[in-house]
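The values are calculated or read from the model by the stated rules, or taken from the named source; none is laboratory data. Predicted, not measured: the structure shown is a model, and the values here were computed from it. Glycine also receives a Cβ, built like all others from the backbone with ideal geometry; neighbour counts cover every protein chain displayed.
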Amino acid sequence: MGFPDGYSVRPPEVREGPAIVDMINRESQALSGVAFTSLDWVAGRWTAPGVDIERDFGVVVGPAGDLAGYFFIQSDPPHTSVFSVGAVALEHHSRGVGGAIVAELERRASGYAAAAPPGEQVIWRMGALVDEPGVARLLTDHGFEERRIFWVMKRWFDGPPQRPDDVPGIEFGGIAPGHEGDVYDCLAEAFEDHYGDGLPPRDVWLHTHVTVVERHDPSLWLVARRDGVEVGALLGLPVADEDPTLGYVELFGVRRAERGRGIGQSLLLRSFAQFYERGRAGVMLYVDSESTTGATRVYQRAGMESQPRFANWERIIRDA
């Protein structure tokens, strides 16, 4: 399936970052009532190590030369899992652009699948807004099944947050410049049993979370250490894209062997205190609603309330 007459695809240009962000946010605002995309999220990926901008990203140009859509695809070795996201400008809905984007992503996903080890299953995941019937029909028609729901969780401050408890043997603090890689090591292990692919390679992660992030604030990175080794970490950003009155917890995890000891709760409450002191009205984050790590319980105990926001759809593009 090709693109409709008059439409074409090319790689994005650096100058187009703000326009792509605006297009995605206008669509998500119309469909779900929230704008959640930032320039960091869109353009930060374009210059990450190992990225091929012609292979991994696409801008759809409309008949009038206007921005009609955008998509990206990513897969880390051994390429047994592929993830992609696509968006269509509001004024180009119902013209076959969405179906053409999925077909183009399938072509590119198949290229990644061909690089996976022989005999291994390859899963293609698509991220989308939850409870959006048009997207659900489109993905179902292309053989996808909805597999996972991700919540947005928020806590509004009506006064100073409760004080965090100390945890025997654990020292809480920040990070020194140049030690971001230690935080990566901690979170990479913490995310090993999460749904999906876990963290990307270290150089890619440092690029997208430190090097090109306009809002990067290392003072909002909190760690828990046992005997000098990071066993838990929380990465905060000063403001949330979805609501600039809120602080944002971007990543949060505790190594498996250290869970159930109150480390996560203490990190979260320390982060709340930071955001409160900075005048934020509250804090928000996204979480897998079926997380097996106990994360949702930690957030709920801290007074956070949930609402469905995103869905992951899956399709097997190569059987084992």
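Listed here are the residues, each with its yes/no results for (1) crowded, with 21+ Cβ neighbours inside 10 Å; (2) out of contact with any helix residue (DSSP H, G or I) (no Cβ under 7 Å at 6 or more places or on another chain); (3) farther than 20 Å from Val42 by Cα.
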{"residue": "Tyr70", "(1), (2), (3)": "yes, no, no"}
{"residue": "Ile101", "(1), (2), (3)": "yes, yes, no"}
{"residue": "Ala116", "(1), (2), (3)": "no, yes, yes"}
{"residue": "Val122", "(1), (2), (3)": "yes, no, yes"}
{"residue": "Pro133", "(1), (2), (3)": "no, yes, yes"}
{"residue": "Leu138", "(1), (2), (3)": "no, no, yes"}
{"residue": "Gly143", "(1), (2), (3)": "no, yes, yes"}
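Arg280: more than 22 Å from Ala48 (Cβ to Cβ), modelled with pLDDT of 95 or more and assigned to a loop (DSSP other than H, G, I, E, B), yes or no? It is true that Arg280 is more than 22 Å from Ala48 (Cβ to Cβ), modelled with pLDDT of 95 or more and assigned to a loop (DSSP other than H, G, I, E, B). Can you name the residue in the range 289-320 that is part of a loop (DSSP other than H, G, I, E, B) and of a type in the set (Gly, Ala, Ser) and is also modelled with the lowest pLDDT among such residues? Out of the qualifying residues, it is Gly294.
Here His207 meets the list (1) within 22 Å of Arg280 (Cα to Cα); (2) within 16 Å of the chain's Cα centre (by Cα) almost entirely, failing just condition (1).
Among the residues of the range 258-278, is any within 28 Å of Glu314 (Cα to Cα) and in contact (Cβ under 8 Å) with a residue 40 or more places away in the chain?
First, pick out the residues of the range 258-278 that are within 28 Å of Glu314 (Cα to Cα): none.
No.
Got at least one residue in the range 76-90 being assigned to a helix (DSSP H, G or I) and either over 21 Å from the mean Cα position of the chain (by Cα) or outside the structural domain of Leu237 (by TED's automatic domain parsing) (or both)? Yes - at least one qualifying residue is present in the range 76-90.
Would you mind finding the one in Glu120, Glu104, Glu91 that is acidic (Asp, Glu), out of contact with any strand residue (DSSP E or B) (no Cβ under 6 Å at 6 or more places or on another chain) and within 19 Å of Asp56 (Cβ to Cβ)? Explain how you work it out, then say what you get.
Working: Glu120 fails: within 19 Å of Asp56 (Cβ to Cβ); Glu91 fails: within 19 Å of Asp56 (Cβ to Cβ).
It is Glu104.
The one condition from (1) hydrophobic (A, V, I, L, M, F, W, C); (2) farther than 21 Å from Met153 by Cβ; (3) buried (at least 17 other Cβ atoms within 10 Å of the Cβ) that Ala224 does not meet is (2). Given the structure, is Leu269 part of a strand (DSSP E or B), in the same structural domain as Asp241 (by TED's automatic domain parsing) and not acidic (Asp, Glu)? No; evaluated as a whole, the condition is false for this residue. Within the range 188-200, residues that are on the phi > 0 side of the Ramachandran plot and assigned by TED's automatic domain parsing to the domain that holds Ser289 sit with their Cβ atoms under 8 Å from residues that are in a loop (DSSP other than H, G, I, E, B) and surrounded by fewer than 16 Cβ atoms within 10 Å (Cβ to Cβ), at 6+ positions apart or across chains, in these pairs: Gly198/Glu192.
For the range 92-180, which fully contained strands (runs of 3 or more DSSP E) count at least 3 residues that are among the charged types (D, E, K, R)?
On the way: elements: 122-129, 145-156, 171-173.
Qualifying strands (runs of 3 or more DSSP E): 145-156.
Looking across the range 47-66 at every residue that is crowded, with 18+ Cβ neighbours inside 10 Å and more than 15 Å from Ala109 (Cβ to Cβ), the one that is farthest from the chain's Cα centre (by Cα) is identified as Gly62. The residue that is surrounded by the most Cβ atoms within 10 Å (Cβ to Cβ), counting only those in the range 19-46 that are more than 22 Å from Val61 (Cβ to Cβ) and among the hydroxyl-bearing types (Ser, Thr, Tyr), is Ser38. When restricted to residues that are closer than 19 Å to His207 by Cβ and outside any helix (DSSP H, G or I), the range 19-54 contains 7.
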